[in-house]
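Colleague: Sharing a structure with you now.
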Amino acid sequence: MEEYKRLGRELIAKGAIIDYYQDTMLIPNGNVAKWDLIDHKGAAAVVAVREDGKILMVRQYRNALERETLEIPAGGLNGRDEPTDRAAMRELEEETGYVCGGVELLTSIYTTVAFCNEKIDIYLARGLKPGKQHLDDDEYLNVEVYALEELKQMIFDGKIQDSKTICAILTYAAKFA
């Protein structure tokens with residue numbers, strides 16, 4: 001593959017979750033191009049499986065889509081150096097009220113490789129114990145429970161469209177079902 005070279009990077013806007021940059025790139029044909037970059041500190045997500053095999057899901061409003069979505073518990077890292085396994089367990093407790101003794105890495109994904117560096121490590125949590133939900137001030141969600149086959153059918157029917165959730169559920173199904 002021919003070489004690309006970044007000639008410059010300009011911060012356009014700094015946000016609470018992401019920073020938006022514009023890169024000036026020298027591309028292999030000799031042209032100079034402007035490329036957008038969304039810089040994200042990373043995230044963690046968890047497929048939380050109860051003893052009965054049912055999976056904990058969260059239903060919440062997503063502003064970008066202007067509607068509610070059904071997703072696995074997930075959230076951003078508190079900092080780039082936060083271990084993602086700890087973040088996954090933190091999000092599990094905050095969003096669902098359940099705790100676990102540990103998690104197992106299922107897979108890692110980059111959500112939108114064309115313009116964003118967001119990486120989500122997706123974990124499996126078993127041995128769940130009820131705890132206490134700790135939602136953020138701006139967070140409102142409902143915890144729901146589904147069988148794996150129900151979730152797969154919702155994916156195939158287009159009712160679940162969140163990419164991390166689709167990847168997580170289908171990876172879990174392929175590895176453990």
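The values are calculated or read from the model by the stated rules, or taken from the named source; none is laboratory data. Since the model is a prediction, treat every value here as computed from it, not as a measurement. With ideal geometry, Cβ positions are generated from the backbone for all residues, glycine too; neighbour counts draw on all protein chains shown.
Colleague: From the list Leu148, Leu77, pick out the single residue that is among the hydrophobic types (A, V, I, L, M, F, W, C) and out of contact with any Lys or Arg (no Cβ under 7 Å at 6 or more places or on another chain).
Modeller: Leu148
Colleague: Which residue, of Asp138, Asp81, Asp52, Asp85, is modelled with pLDDT of 95 or more and out of contact with any strand residue (DSSP E or B) (no Cβ under 8 Å at 6 or more places or on another chain)?
Modeller: Asp52
Colleague: Then there's this: For segment 94-113, give me the residue count where each residue is more than 10 Å from Val46 (Cβ to Cβ), part of a strand (DSSP E or B) and among the β-branched types (Val, Ile, Thr).
Modeller: Residues meeting the conditions: 3.
Colleague: Next question, about the same structure. Just give me the residues in segment 45-101 being under 13 Å from the mean Cα position of the chain (by Cα), surrounded by 21 or more Cβ atoms within 10 Å (Cβ to Cβ) and among the small types (Gly, Ala, Ser), in sequence order.
Modeller: Ala45, Ala74, Ala87, Ala88, listed by residue number.
Colleague: Go through (1) touching a His at 6+ places or on another chain (Cβ under 9 Å); (2) on the phi > 0 side of the Ramachandran plot for Gly127 and report which single condition fails.
Modeller: It fails just one condition, (1).
Colleague: Before we move on, is Lys152 surrounded by 15 or more Cβ atoms within 10 Å (Cβ to Cβ), assigned by TED's automatic domain parsing to the domain that holds Arg80 and not aliphatic (A, V, I, L, M)?
Modeller: Against the criterion (surrounded by 15 or more Cβ atoms within 10 Å (Cβ to Cβ), assigned by TED's automatic domain parsing to the domain that holds Arg80 and not aliphatic (A, V, I, L, M)), Lys152 qualifies.
Colleague: Would you kindly identify the strands (runs of 3 or more DSSP E) lying entirely within segment 13-93 that contain at least 1 residues that are of a type in the set (Lys, Arg) and in contact (Cβ under 8 Å) with a residue 12 or more places away in the chain?
Modeller: The qualifying strands (runs of 3 or more DSSP E) are 32-40, 55-62.
Colleague: Separate question: Identify the single condition in (1) within 24 Å of Leu141 (Cβ to Cβ); (2) in contact with a Ser or Thr (Cβ under 8 Å, 6 or more places away or on another chain); (3) modelled with pLDDT of 95 or more; (4) not small (Gly, Ala, Ser) that Lys34 does not satisfy, given that it satisfies every other one.
Modeller: (1)
Colleague: Check segment 119-131 and report whether any residue there is over 20 Å from Val49 (Cα atoms), assigned to a loop (DSSP other than H, G, I, E, B) and in the same structural domain as Ile169 (by TED's automatic domain parsing).
Modeller: No, every residue in segment 119-131 fails to be over 20 Å from Val49 (Cα atoms), assigned to a loop (DSSP other than H, G, I, E, B) and in the same structural domain as Ile169 (by TED's automatic domain parsing).
Colleague: Considering each residue of segment 125-171, count those that are out of contact with any helix residue (DSSP H, G or I) (no Cβ under 7 Å at 6 or more places or on another chain) and touching a residue at least 24 places away in the same chain (Cβ under 8 Å), and give that number.
Modeller: Looking only at that region, the number is 24.
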